[in-house]
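One structure is given below, encoded as structure tokens.
The values are calculated or read from the model by the stated rules, or taken from the named source; none is laboratory data. Treat the numbers as computed from the prediction; the structure is a model and nothing was measured. Cβ sites come from the backbone with ideal geometry, for glycine too, and all protein chains shown count toward neighbours.
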Amino acid sequence: MYFDSVNAALTMEGHGAFVWSAYVITFLVLAFMLVQPLLRGRRLARAIRAEQRRQAAELPAEGGGHAP
Amino acid sequence: MWAFIHKFGSPPWFFRFASTAVRWLLPVVIGALVFGAVWGLLYAPPDFRQGNSYRIIFIHVPSAVVALAGYYVMASAGLVSLVWKIKMADTAMRAVAPVGAALTFVALVTGAIWGKPTWGAWWVWDARITSMLILFFLYLGVIALFEAYDNKAAAAKACAVLSLVGTVNIPIIYKSVDWWYSLHQPASIKFTGETAIDASMLYPLLVMIAAFYGLFALLVLVNMRTELLATYRQSAWLRSELG
């Protein structure tokens, strides 16, 4: 490690605010770009599975014709 | 070869491919990004003139490089979509645009933050920065154009034309530091001749560039897979794929 202490790594001889804010902004933007479509995909997959189960539950009733 | 292209054009095959690829890429890409960032932030030596502010290079250069390469991917997908009318190419074009916009945004923001301690200004109308800003607007234009049409085929056609016309900007960005007097330095990493950067800084930079390429692939595949889920929600193949 180049820095002697955690404090030295945070301040980076005066450049810490610039360097760390650049990294934080970058990783926040990129994490959002990854998580947002992943969550949307999971929601869509769940809706499709639910729809499938609903249809599977309705099917035997249509074909059977055994009215209660 | 043709069978290979045919497979890529098939939504069910691509959905399966993307699902598997995302599962493998996700841990590899995140691991590489963390490894490269820690190396660049804490282990690489400081620059003898810029001090520690140069550590922004490990995210600035990779995001800019991949934002440019991503534009070629989007324009190529646009060309395929125009010529062969393959729907997966439309999906690819649409998936690349927000990823490219985000990477261009990151390149511009990290550049501004790096510019302040190094050049004394957050922003200058330097040829490279201005052409990168145009790249950002081109990506945003493709996103907006897709949303502006109700007819998907017409939207894809308009976006393909816009992204192909926009490719004229890419060589301008590459060459901007040679053609105009610029605050940006000319390329330090060259495929031919001596590379003007020490190995202790070059290796973490190369790790981060590779990681950003992987991240680009990951984000595009995730977007394409999600787009397929939305488009084919009524299709039997997708239901059996999920079931």
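Check whether at least one residue in region B:173-186 is over 25 Å from residue B:78 (Cβ atoms) and within 14 Å of chain A (Cβ to nearest Cβ), and report yes or no. Looking for residues that are over 25 Å from residue B:78 (Cβ atoms) and within 14 Å of chain A (Cβ to nearest Cβ), one finds none in region B:173-186, hence no. In region B:46-61, the residues that are more than 19 Å from residue B:107 (Cα to Cα) and facing chain A (nearest Cβ under 9 Å) reach residues that are in a loop (DSSP other than H, G, I, E, B) and not aliphatic (A, V, I, L, M) with C-beta atoms within less than 8 angstrom, at least six apart or across chains, in these pairs: B:46/A:2; B:46/B:52; B:51/A:15.
A residue that is of a type outside the set (A, V, I, L, M, F, W, C), within 30 Å of residue B:44 (Cβ to Cβ) and either out of contact with any helix residue (DSSP H, G or I) (no Cβ under 8 Å at 6 or more places or on another chain) or at pLDDT below 90 (or both) occurs somewhere in region A:15-25.
Looking across region B:109-128, the residues that are more than 11 Å from chain A (Cβ to nearest Cβ) and in contact (Cβ under 8 Å) with a residue 24 or more places away in the chain come down to B:119, B:124, B:126, B:127, B:128. The requirement of being of a type in the set (Ser, Thr, Tyr) and either outside any helix (DSSP H, G or I) or farther than 17 Å from residue A:12 by Cα (or both) is fulfilled somewhere in region B:49-66, by at least one residue.
If residue B:208 satisfies all but one of (1) hydrophobic (A, V, I, L, M, F, W, C); (2) away from chain A (no Cβ under 14 Å); (3) within 30 Å of residue B:120 (Cα to Cα), what's the number of the condition it fails? In the conditions (1) hydrophobic (A, V, I, L, M, F, W, C); (2) away from chain A (no Cβ under 14 Å); (3) within 30 Å of residue B:120 (Cα to Cα), residue B:208 misses (2) alone.
Residue check: is residue B:225 buried (at least 22 other Cβ atoms within 10 Å of the Cβ), of a type in the set (Lys, Arg) and facing another protein chain (nearest Cβ under 9 Å)? So residue B:225 fits the description; yes. Here residue B:148 fulfils each of the conditions (1) within 14 Å of another protein chain (Cβ to nearest Cβ); (2) more than 18 Å from residue B:218 (Cβ to Cβ); (3) among the hydrophobic types (A, V, I, L, M, F, W, C) apart from (1).
Determine if region B:10-23 includes at least one residue that is surrounded by 14 or more Cβ atoms within 10 Å (Cβ to Cβ), over 19 Å from the mean Cα position of the chain (by Cα) and without any contact (Cβ under 8 Å) to a residue 40 or more places away in the chain. Checked region B:10-23: at least one residue is surrounded by 14 or more Cβ atoms within 10 Å (Cβ to Cβ), over 19 Å from the mean Cα position of the chain (by Cα) and without any contact (Cβ under 8 Å) to a residue 40 or more places away in the chain.
A Cβ distance below 8 Å, combined with a sequence gap of six or more or placement on separate chains, defines the contacts here; from region B:228-242, residues that are facing chain A (nearest Cβ under 9 Å) reach residues that are part of a loop (DSSP other than H, G, I, E, B) in the pairs B:238/B:232.
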